[in-house]
Amino acid sequence: MVEPGKVCLSRLVLPLVEEKPFLTFGMPRDVFIPMAGVAEFTMGFGLLWTPLVRRLSAIALFVIFNAAVYPFGRVDLIGHALIMAMIVAIAADHTRELHFLPAVRRSLVGVPGGLTAALVVFVIGYWGLHLVLYRQGGSVDTAGDDSTTHTPNREYPHGTHAGHGAADATHGAAAAYRAAMDRMHGPMMKGVANPDPDAAFVLGMIPHHQGAVDMAEIVLKFGKDHHNHELARHIIAGQKREITAMRAWLKQKKLPEP
């Protein structure tokens, strides 16, 4: 998985190095862009570190920003003027004490316990509620609603619960589709292996059409979408009609049917 920061940096820098390839100093583009990002972010954090690291990072960034003026013009200097002024101020800072990290430590020590407790409660409550509403696989747990949502039907006459019935239907449909494809594959491949191209076409298409009929019958049994049901009925009628015609052709040619 690519980090979002890396993606953003690549989108910003990639057009520049394509327009001005000399910016990569002869390095491959995919090598230079991550290196440039790591270097700039590292020096940015260096501005918050020890006095020596802070000054060295400021000087390095100052050189980088000034070097950009040559390929991009004076407008780049104007755009980075405030940043460069801050960098100069950091580099010129004569103090040797480290103010930033002690201040962070004091802030962390002063974090109210109530805020930490609220965060813990929120995290536990969020994930706890997620586990209550959703099972491990991510599907909604409808066990509590089964008594109000179940309506009997002739396919599940023994009062199967709605949630379990939907899951059973899903697994049943998947198994039925796989079985239909398994039944189709062998005869179809055997048919297309016939040395006569015309016979191979018919012998392969008959099991292929039968597979389409089988799939259409499965969606009529397990599916709920009425548009799919209409399409399935249309497929069954058309495919059976063509299967009949192809079987008649085989009979006329005195070829065995698949």
Scan (1) within 25 Å of PHE45 (Cβ to Cβ); (2) modelled with pLDDT under 75 for the single condition GLY114 breaks and write down its number. (1)
Which pairs have Cβ atoms under 9 Å, sit 6 or more apart or on different chains, and link a residue in the range 238-249 that is not assigned by TED's automatic domain parsing to the domain that holds ALA199 and of a type outside the set (A, V, I, L, M, F, W, C) to one that is at pLDDT 95 or above and part of a helix (DSSP H, G or I)? none
Given the options ALA200, ALA180, ALA173, name the one that is surrounded by 14 or more Cβ atoms within 10 Å (Cβ to Cβ), farther than 23 Å from LYS221 by Cβ and at pLDDT 50 or above. ALA200
With the first residue restricted to the range 54-71 and required to be hydroxyl-bearing (Ser, Thr, Tyr), and the second required to be not in a helix (DSSP H, G or I), Cβ contacts under 6 Å at 6 or more apart or on different chains are SER57/LEU47
The one condition in (1) in a helix (DSSP H, G or I); (2) aliphatic (A, V, I, L, M); (3) surrounded by 14 or more Cβ atoms within 10 Å (Cβ to Cβ) that LEU255 fails to fulfil: (1)
I'm checking my understanding of the structure. Among residues of the range 16-31 that are surrounded by 10 or more Cβ atoms within 10 Å (Cβ to Cβ) and at pLDDT below 75, which one is farthest from PRO71 (Cα to Cα)? ARG29
Whichever residue in the range 218-252 is among the acidic types (Asp, Glu) and assigned to a helix (DSSP H, G or I) and, among such residues, is farthest from MET188 (Cα to Cα): GLU230
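The values are calculated or read from the model by the stated rules, or taken from the named source; none is laboratory data. Owing to the predicted nature of the structure, the values given are computational and were not obtained by experimental measurement. Note that each Cβ is placed from the backbone with ideal geometry, even for glycine, and that neighbours are counted across all protein chains shown.
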